[in-house]
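To start, the structure under review is shown below, and the notes come after it.
The values are calculated or read from the model by the stated rules, or taken from the named source; none is laboratory data. In this text, all values refer to a predicted model and were calculated from it rather than measured experimentally. Note that we place each Cβ from the backbone using ideal geometry, even for glycine, and neighbour counts take in every protein chain shown. Just so you know, the surface numbers come from the protein's heavy atoms only, side chains and all, with ligands and any DNA or RNA stripped out. Shrake-Rupley method; radii C 1.70, N 1.55, O 1.52, S 1.80 Å.
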Amino acid sequence: MSFTVSEIASALKAEVFGAGDIAITGASEPASAGPDDLALAMDPKYAEGLSQGSARAAILWDGADWQALGLEAAIVAPRPRYAMSGLTALMDPGPEIAPGVHASAVIDPSAVIGGGAAIGPFVVVGAGVSVGSGARIASHVSIGEDSTIGEDALIHAGVRIGARVSIGDRFICQPGAVIGADGFSFVTPEKSRVEEARASLGVDTQTVNASWTRIHSIGTVKIGDDVEIGANATIDRGTIRATTIGSRTKLDNLVHLGHNVTVGEDTLLCGQVGIAGSTKIGNRVVLGGQVGVSDNIFVGDDVVAGGATKIMSKVPAGRVMLGYPAMKMEQYIEAGKNWRRLPRLMDDVKALKKAVLSDDKDD
Amino acid sequence: MSFTVSEIASALKAEVFGAGDIAITGASEPASAGPDDLALAMDPKYAEGLSQGSARAAILWDGADWQALGLEAAIVAPRPRYAMSGLTALMDPGPEIAPGVHASAVIDPSAVIGGGAAIGPFVVVGAGVSVGSGARIASHVSIGEDSTIGEDALIHAGVRIGARVSIGDRFICQPGAVIGADGFSFVTPEKSRVEEARASLGVDTQTVNASWTRIHSIGTVKIGDDVEIGANATIDRGTIRATTIGSRTKLDNLVHLGHNVTVGEDTLLCGQVGIAGSTKIGNRVVLGGQVGVSDNIFVGDDVVAGGATKIMSKVPAGRVMLGYPAMKMEQYIEAGKNWRRLPRLMDDVKALKKAVLSDDKDD
Amino acid sequence: MSFTVSEIASALKAEVFGAGDIAITGASEPASAGPDDLALAMDPKYAEGLSQGSARAAILWDGADWQALGLEAAIVAPRPRYAMSGLTALMDPGPEIAPGVHASAVIDPSAVIGGGAAIGPFVVVGAGVSVGSGARIASHVSIGEDSTIGEDALIHAGVRIGARVSIGDRFICQPGAVIGADGFSFVTPEKSRVEEARASLGVDTQTVNASWTRIHSIGTVKIGDDVEIGANATIDRGTIRATTIGSRTKLDNLVHLGHNVTVGEDTLLCGQVGIAGSTKIGNRVVLGGQVGVSDNIFVGDDVVAGGATKIMSKVPAGRVMLGYPAMKMEQYIEAGKNWRRLPRLMDDVKALKKAVLSDDKDD
């Protein structure tokens, strides 16, 4: 894989300076760059690294003097982080999956695989499955009966897609993800101890649970276009309706979506986020790593929650949240300060009691 | 798959009204129901949905007027959530696994597979394994040497069962679960920094750790009857004895059980719960999503813990817990209110100091 | 597998008493030990168990009177937990993987597999891969193109290793782990709502996010010697540079490492720990179960964090941490006590107001 500096600049819609015809074969941090690498020095703090490495060309911060930095060519990007998207897309070789269907794959005769597909060893595709054109499916993937996957999917090794799941175009799925497991839904013949504890907030909980009876998940999972699912993430099917993920939403590794959950469009769920059953997450929401959301609640559009926030009740649109239980971020930060001020407050009250009350016996 | 309304009512032990001979081929939310679907309208709030959909038959809330709702037939269930268990069990087609053993499966000649088994492509069954009759084992599953699985198991794709694991009847295992990984157990030649920090609660921690030496897990995993394990959950084997899960207990997706953990009967562990090594969880316990339990402690029978509770010390039987660290739920809720009252308390103390103390220099 | 008591004592560098020639075929807790088991009774509390079981030989606590306990032979270990490492290593049969390469495995002709390898059914090894001598690779594992794995690896079933990953000697990997998934890195053309919320700590967040553009992960993963990775753990590749794990570091089940993370040497990350992108964890660090660490921060050498600690800013070397947000453990414990003292403090302030202020209208 080789591109000229000018080709890269053009892909990034960025300005090029100097010898645009230098051939680039990789990208690198400045200090470890070789002569054919493009050094990524998008901040002045990388200037020193450039002199340690041997890059001839670099992407530089706005206003950098490329010649003074000893470079032969430079690209200047106004929003460096955004330029990274174009650059890395250009340079990503993607996984090697040989064109065509590997001889070992077990494809049901009733399945329809679109043109240009690459299907790896030990893949299993069930009856009635439809996979769009341009699909790349790595080894050990299984796709259950009657599922539909759009065009240009990239499904990494060991992904499990259950029966009757529907997925849009340009789907990316990291290794080991499970889409369409059964929901975790159990019921007792009479009202359970949990129902009682929730109703009374723990005050009155007398019932002893009987054994649990399973509610089967006969619903499915529906996923929009341009969705990405992280490694070993798990998405349960709905009980009757579908668990749904809107277009352009991305889930990180080890994220868990319970049954009947609805996630909107353009939303990001970071590593190890868990959403309990029947909860609805809006559009353009961002939940940081390890965030948890209780069941049967609603998180509005444009909500942002910091790492490990535990959302236990409805959050209106637009809120920025933090903490356990979740509060507005500014409130949580203020509350944390007050918590640290408590020892002094206690001393103050002690002194006041001494000054005011004749018998300070309650020390 | 098709059932008459009367057959369904009979399976649910519920009352039927109207044309019990209508044939039903699926279940649906009321608004999206077609003419052959049974609409699930177990609460008056669904009345409007019924008029939007085209269901002829529905399961209704107690006291509903089925004729006024424009239906031809109706089933009335006294505890609707419980009725769902019967209904969904009836309608769940389950995964398609062809009867018999797939030609690609690698079954050790010494393994014993019970009658009526369905074993999918690329399954690996080790030496001395015993699988009971009626087993359905989906693609890509591996079962280690000398493991035993009872009758009527349903093991979904990509499950990993290690060596010498023992599992009872009617086992259900969602995709990607790992049962019988090695425990996470490491030791230093001398007392470690962690042992010191725990003993002194962080006050006195001088030791610098040497490298870690592995304690191998030569114990196993023992699982009772009617247990279900969620997708990508992980259950470690014991060090010497077995990690155990009691009968009728259910684990959700991404749950982690450390080595030597004992979980009782009829217990529910929700998504992403983690139980550290050698801890004992009682019977009929319910731990909400993302709950964590420290190692070497005991959680009594009938304990209920809300989402993300972090249990760091012993919990007596019957408690309802919440928070980090875990408190009684009612205490935690009260403490949270007090936390929010702190700013006013601080203002009060400031005013008192001004009123009482001549030199208010400590503001 | 059979060892004499003397052979075991010698492996543990421990003292032996009595009939050292008794043949031992397993290890057991005292109460359930059979006559050929070595009972593990390293604490006086196990004395009673010894009389319930039928062990002839035991490992005993320092100072125990083995003859009075009715034993024929005994081993005394000064640090019992450390002795466990030697004993269990001796008795661990390891997984059964037949020598040689299973006929069903798909090994690219350009891959180099070292001598003495055992490769199980349905393994896929990509082009240019190098696996050192003595490797044991269980069923269903996939290894991407140009990856390198050192000598004496033990890779359990269903592990996914991506392309261009580099791993040292004596690597142990539990089932289902994913090494080298793509990082979770997305960017908007203009500054995003998240960037704004972080800069203002939630106070000023007006932007509505555009859709997310993917930053591809063209970096890799580099892992040192003697590393162990837990079941279903996920380790993302770096964006440009490598995500790295130092030698002798151990990761438990369901641990998540984001892109560009650096973990030092001799570090332990317990179950369900999550480390967000570009964060650096030092040497000899121990993070308890469910700990979370924010992105782009630094956790110093020898830091210990208790279970579920949420580390949201830099932690200097040597600190012992607990809580959300993380504090010094002793501070957190003190703060928790103060929290529980709040109700009395509030009563005190109320009484003071009554005593001091004429108009107590603000009750």
Under the rule of at least 5 residues apart or a separate chain, name every residue whose amide H is placed under 5 Å from the amide H of B:VAL286. B:LEU268, B:VAL303, B:VAL304, B:ALA305
Give me the percent of accessible area attributable to carbon and sulfur for segment B:172-240, probe 1.4 angstrom. 52
What's the carbon and sulfur percent of segment C:3-91's accessible surface, probe 1.4 angstrom, rounded to a whole number? 49
Fluctuation leader among C:ASP62, C:ASP226, C:ASP252 - chain C, Gaussian network, Cα springs under 10 angstrom: C:ASP62
Only protein chains counted, 1.4 angstrom probe. Which residues of segment C:238-278 are at least 30 Å² less accessible in the assembly than when their chain is isolated? C:ILE240, C:ARG241, C:LYS250, C:ASP252, C:ASN253, C:LEU254, C:HIS256, C:ASP266, C:LEU268, C:GLN272
Kirkwood Rh, angstrom, segment B:3-91 [1 / mean 1/r, Cα pairs]: 12.2
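Expressed as a rounded percentage, what relative contact order does chain C have, with Cα pairs under 8 Å and six or more residues apart?
Once divided by the residue count of chain C, the mean separation gives 6 percent.
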Ascending list, in nanometres, of distances separating the C:ASP225 label from those of the other copies (7 Å, Cα toward Cβ): 5.3, 5.3
Name the most mobile residue of A:ALA305, A:ALA89, A:ALA117, meaning the one with the largest mean-square fluctuation, in a Gaussian network model of chain A with Cα contacts below 10 Å. A:ALA89
Once you list every other residue whose beta carbon is under 13 Å from the beta carbon of B:THR309, what net charge do they have if Lys and Arg are +1 and Asp and Glu are -1? +4
Hey, what's the per residue convex hull volume over the C-alpha atoms of segment C:198-347, in cubic angstrom? 140
Fraction of alpha-carbon pairs over 26 Å apart in segment C:136-277 - percent: 29
Quick check on my link table: of B:LYS310/C:LYS337; A:LYS222/B:LYS13; A:LYS222/A:LYS280, which ones sit more than 21 Å apart, alpha carbon to alpha carbon? A:LYS222/B:LYS13
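Quick one: work out Rg over Rh on the C-alpha atoms of the protein assembly as shown, Rh as Kirkwood radius.
Rg divided by Rh gives 0.98.
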For A:LYS328, go through the aspartates and glutamates and keep the ones whose alpha-carbon is under 13 Å away, minus same-chain ones fewer than eight residues off. C:ASP204
Hey, which aspartates and glutamates would be in cross-link range of A:LYS353, C-alpha to C-alpha under 15 Å, not counting anything within fewer than 8 residues on its own chain? A:ASP362, A:ASP363, B:ASP348, C:ASP347, C:ASP348
Per the helix-only calculation at 222 nm, which mean residue ellipticity applies to the protein assembly as shown, given -39500 (n - 2.57) for every DSSP H run of n ≥ 4 and division by its residues, nearest 500 deg cm²/dmol? -5500 deg cm²/dmol
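Just to confirm, what accessible area per residue do you get for the protein assembly as shown at 1.4 Å probe, in whole Å²?
Per-residue value: 37 Å².
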Top of C:VAL194, C:VAL255, C:VAL131 by mean-square fluctuation, Gaussian network on chain C, Cα under 10 Å: C:VAL194
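For the interface of C with B, what's the total buried accessible surface in square angstrom, probe 1.4 angstrom, rounded to the nearest hundred?
When C and B are taken together, about 6000 Å² of accessible area is lost.
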Mind listing the label-point distances from B:ALA19 to the same position on all other copies, shortest first, one decimal in nm, points 7 Å along Cα→Cβ? 8.4, 8.4
For segment B:40-45, in order, what is each residue's ³J(HN,Hα) by Karplus, 6.51 cos²θ - 1.76 cosθ + 1.60 with θ = phi - 60°, in whole Hz (x at glycine and Pro)? 9, 10, 8, 8, x, 5
Amide H contacts under 5 Å for A:MET327, restricted to residues at least 5 apart in sequence or on another chain and with H modeled in the peptide plane, are A:LEU322
Need one number: convex hull volume per residue for chain C, Cα atoms only, in Å³. 213
Sparse-neighbour loop sites [GluC sites (Glu not before Pro); segment C:145-252; at most 12 other C-beta within 10 Å; DSSP]: C:GLU190
Label 7 Å beyond Cα on the Cβ vector: B:ASN296 copy-to-copy distances, nm: 4.0, 4.0
Segment A:1-156 - convex hull of the alpha-carbon atoms, volume per residue in Å³: 125
Non-local amide H neighbours of A:SER278 (under 5 Å, H modeled in plane, Pro and chain starts lacking H): which ones? A:HIS259, A:ASN260, A:VAL261, A:ASN296
10 Å beta-carbon shell around B:ALA163, net charge (K/R +1, D/E -1): -1
Quick calc, the protein assembly as shown, dipole around Cα centre from Cβ unit charges on Lys, Arg (+) and Asp, Glu (-), nearest 20 debye, gives 2320
Determine the relative contact order of segment B:3-91: mean sequence separation of Cα pairs under 8 Å and six or more apart, normalised by residue count, in whole percent. 29
What residues of segment C:124-148 lose no less than 40 Å² of accessible area with every protein chain in place versus their chain by itself (probe 1.4 Å, heavy atoms only)? C:VAL124, C:HIS140, C:GLU145
